[in-house]
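*Asks:* The structure that follows is given in the form of structure tokens.
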Amino acid sequence: MKIGFIGCGNMASAMIGGILRQGIFSKDEIIVSNLTDEGRARSEKTLGVVTTLNNNEIVRSAKTVVLAVKPQFYEKVLTEVHDSLTTEHTIIGIAPGKTLAWLEEKAGLPLKVVRFMPNTPAQVGAGMTAVCTNDRVSEDELAEILKITDSFGCTEVVPERLMDAAGAVGGCSPAYVFMFIEAMADAAVSQGMPRKQAYKFASQTVLGSAKMVLETGRHPGDLKDMVCSPAGTTIEGVRTLEKSGFRSAVFEALTAAAEKGKKL
Ligand SMILES: NC(=O)C1=CN([C@@H]2O[C@H](COP(=O)(O)OP(=O)(O)OC[C@H]3O[C@@H](n4cnc5c(N)ncnc54)[C@H](OP(=O)(O)O)[C@@H]3O)[C@@H](O)[C@H]2O)C=CC1
Ligand SMILES: O=C(O)[C@@H]1CCC=N1
């Protein structure tokens, strides 16, 4: 086995989809665990990887282990697998708030520790993942780890102090963008557009706008001004959004998410 996932739900499945699509590891090189028989059956059916309900089997089978359970179960899982861990293992935490120092302390061994902050667009190979490591991870080992995150989208190596910010602007923000898309589509529907068509317009417009930021290198405000014709329609919407505190609402939402990550 090349990699094991303790927990195989939304996030692990999205990452594994990218790993398999890019051929980083084959299905028989990936082992995952679930808590329930139903979850295990789902993992087997949807991913075709090796599955188990035994977390120690994950650690005994793979030297790279991703902790893909919810944060509140991290301590229980690390306690459960403590005796199977060795200093040859690399553990990868993907939960907000579970720091490198905390992970090493709970693992109880001086081993290689990595943190990912991925997001669900990894499922379609368009993820944005923040990565940080403890100082036991060599440059060559980091290069191998980045092949994993690059397989499901873009990666940025950041200092650990930015992981809560990355959690907000990367990990959490797909939810906020989905809310934006939903609201855009509702407005189009209110103007008479069929809902399915409204979702297509809203989703492609968000995708295209994001591509313009990423590929033109122009400031988002400059790109916004390009759309706002004098005395036109767009600027009326800008006025309404500013009046409704749109930017402040987004700012406060991401700040709340980042601050919650610091408390987990
Ligand atoms: N969802 C997201 O967008 C992101 C999530 N994350 C982080 O990823 C982690 C997982 O989140 P997510 O995938 O959304 O959660 P899910 O609830 O979708 O998946 C959790 C998985 O953990 C399994 N599980 C629970 N307890 C155990 C256990 N004791 N042993 C083995 N497996 C267990 C569950 O099994 P079963 O299937 O049987 O119930 C399930 O497969 C969290 O720490 C989250 O903070 C990080 C970035 C983004
Ligand atoms: O909501 C959460 O806690 C997880 C981490 C980032 C996205 N989802």
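*Asks:* Of LYS76/LYS98; LYS106/LYS262; LYS70/LYS262; LYS200/LYS243, which ones are farther than 22 Å apart at the Cα? Please list the in-between numbers first.
*Replies:* Working: LYS76/LYS98 13 Å; LYS106/LYS262 18 Å; LYS70/LYS262 15 Å; LYS200/LYS243 27 Å.
From the list (LYS76/LYS98; LYS106/LYS262; LYS70/LYS262; LYS200/LYS243), the Cα-Cα distance tops 22 Å for LYS200/LYS243.
*Asks:* Normalised by the residues of the chain, what does the relative contact order come to in percent, with Cα pairs under 8 Å and at least six apart? Don't jump to the answer; show the numbers that get you there.
*Replies:* Numbers: 409 pairs, mean separation 40.5, N = 264.
It comes to 15 percent, rounded to a whole number.
*Asks:* Please list, or write none, the aspartates and glutamates whose alpha carbon is within less than 19 Å of the alpha carbon of LYS211, excluding same-chain residues fewer than 8 places away.
*Replies:* ASP150, GLU156, ASP222, ASP225
*Asks:* Within a Cβ distance under 13 Å of GLU38, other residues only, what is the Lys/Arg minus Asp/Glu net charge? It would help to have the intermediate numbers written out before the result.
*Replies:* On the way: positive: ARG40, ARG42, LYS45; negative: ASP37, GLU44.
The answer is +1.
*Asks:* In whole angstrom, how far apart do the alpha carbon centroids of the stretch 9-79 and the stretch 157-224 sit?
*Replies:* 29 Å
*Asks:* Also: Applying a 10 Å radius around every beta-carbon, put 106-116, 10-20 in order of their mean neighbour count, most first. Before the final figure, lay out each step's value.
*Replies:* Working: 106-116: 20.0, 10-20: 22.7.
Top to bottom by mean Cβ count within 10 Å: 10-20, 106-116.
*Asks:* Two decimals is fine: what's Rg over Rh for the chain, C-alpha atoms, Kirkwood radius as Rh?
*Replies:* So for the chain, dividing Rg by the Kirkwood Rh gives 1.03.
No value in this document is a laboratory result; all are computed from the given coordinates. Bear in mind the structure is a predicted one, so any value in this text is a computation, not a measurement. In this analysis, Cβ positions are derived from the backbone assuming ideal geometry, glycine residues included, and neighbour counts consider all displayed protein chains.
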